[in-house]
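All remarks here apply to the structure that follows.
The values are calculated or read from the model by the stated rules, or taken from the named source; none is laboratory data. Bear in mind the structure is a predicted one, so any value in this text is a computation, not a measurement. Neighbour counts run over all protein chains shown; Cβ positions are idealised from the backbone, glycine included.
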Amino acid sequence: MKKSPRARHSQPNRTVSIVGTGSYVPEKILTNAELERLVETSDEWITSRTGIRERRIAAPGEHTSHMAARAAERAMEQAGITAEQIDLIIVGTVTPDTAFPSTACHVQRILGAKNAACFDLSAACSGFLYAVEVAQQFIANHTYETVLVIGADKLSSIVDWGDRNTCVLFGDGAGAAILRYRAGSHGVITTFMASDGNFGDILHMPGGGCAIPITKDNVDEKLNTLKMNGRETFKQAVLSMGSAATKALEQAGLTTDDLTCIIPHQANMRIIEALADRLEIPLEKFHVNLDRYGNTSAAAVAIALDEANREGRFKVGDYILLVVFGGGLTYASSVIQW
Ligand code: ACO
């Protein structure tokens, strides 16, 4: 009898493991003291309101795909896989090298991952966790074996460097993970994802799409730069991450006491403190690196995951919670058993 082309999907779902992580940040450090010379601000204001001390800025000619590929190489090395083994590349980004081809296709070319299908995923700062969930669905359903998931952003390219409300907050970077089925292993237990398009205008870039195309007038009006309502974003960040974390824990049948580490979106130390308070989890359980990198958008949680992994913060069997929010509004949380 002829086998149905979808027969493989009738196999039972399987747990998906993170078998390698990697990250990359550019060499150039931009300190708060340097920002004092760009806009009317102070190291004291930035540190006390956000916790950020410095951030990394991509070199001229260094694009999102370059940072993404460096992070991917490190993840592949840790996972012990070659570029040819990758079946799918998903890049979460809002700063693609080009509108098309996708950044994932640029990464494919750099890595020589000639067997991969490639696409970008737009969920702003939630892009990495959204991509993890998409990858996990493909692997669980036996469509693909090995997926490269990347969160990468070059927000320095869309920041208005004259706007002190935003330019002090962001940095550039990339984080990556290799996801695979590993027999008898732990992995991504559950992911909760949600969005609310009604809050789209609290954090957005109005220009550059078909609604407000790139014209000289639009660029002169800085419509191709990031706009943010800081107070509303702060409020929504705490509410949405709190709700996503609670839902993911419920779905996993776990409580906050079961968690050994929380990797939150790295936007602002005060947001992380408020989240810790809301979830009643001691702050020491949160992995924080925003003091060194600022908010790197889709890369933030991926860089933090790689850092915590390489620092040996996870033991086999540990429950880890990742939780993010971003423009859209988008938010998500994953529970992973290491
Ligand atoms: N230096 C000095 N003063 C500043 C600066 C600065 N860099 N930026 C703003 N101010 C001023 C404001 O102009 C305002 O002055 P005013 O009272 O005279 O109008 C004053 O500081 C206070 O402004 P607030 O908005 O009340 O400051 P707040 O304590 O809320 O902190 C901040 C502002 C840090 C932006 C905070 O609201 C925040 O972190 N919001 C969330 C931002 C965020 O997470 N964004 C990204 C999330 S999603 C993604 O990652 C893409």
One residue from 296, 225, 233 being within 18 Å of residue 126 (Cβ to Cβ), within 15 Å of the ligand (Cβ to nearest atom), touching an Asp or Glu at 6+ places or on another chain (Cβ under 8 Å) and modelled with pLDDT of 95 or more:
296
Pick from 108, 78: which is free of Cβ contacts under 8 Å to residues at least 24 places away in the same chain and buried (at least 17 other Cβ atoms within 10 Å of the Cβ)?
108
Counting only helices (runs of 4 or more DSSP H) entirely within the range 25-97, those with at least 2 residues that are under 26 Å from residue 123 (Cα atoms), touching a strand residue (DSSP E or B) at 6+ places or on another chain (Cβ under 6 Å) and modelled with pLDDT of 95 or more are 64-79
Matching residues, the range 28-63, being within 20 Å of the chain's Cα centre (by Cα) and either away from the ligand (no atom under 11 Å from the Cβ) or exposed (fewer than 13 other Cβ atoms within 10 Å of the Cβ) (or both)
54, 55, 56, 57, 58, 62, 63
Quick one: in the range 306-338, which of the residues that are within 16 Å of the ligand (Cβ to nearest atom) and not aliphatic (A, V, I, L, M) is farthest from the chain's Cα centre (by Cα)?
328
Can you name the residue in the range 289-307 that is surrounded by fewer than 21 Cβ atoms within 10 Å (Cβ to Cβ) and in contact with a strand residue (DSSP E or B) (Cβ under 8 Å, 6 or more places away or on another chain) and, of all such residues, is farthest from residue 79 (Cα to Cα)?
291
Test result for residue 168, β-branched (Val, Ile, Thr), crowded, with 20+ Cβ neighbours inside 10 Å, away from the ligand (no atom under 16 Å from the Cβ) and not assigned by TED's automatic domain parsing to the domain that holds residue 302:
no
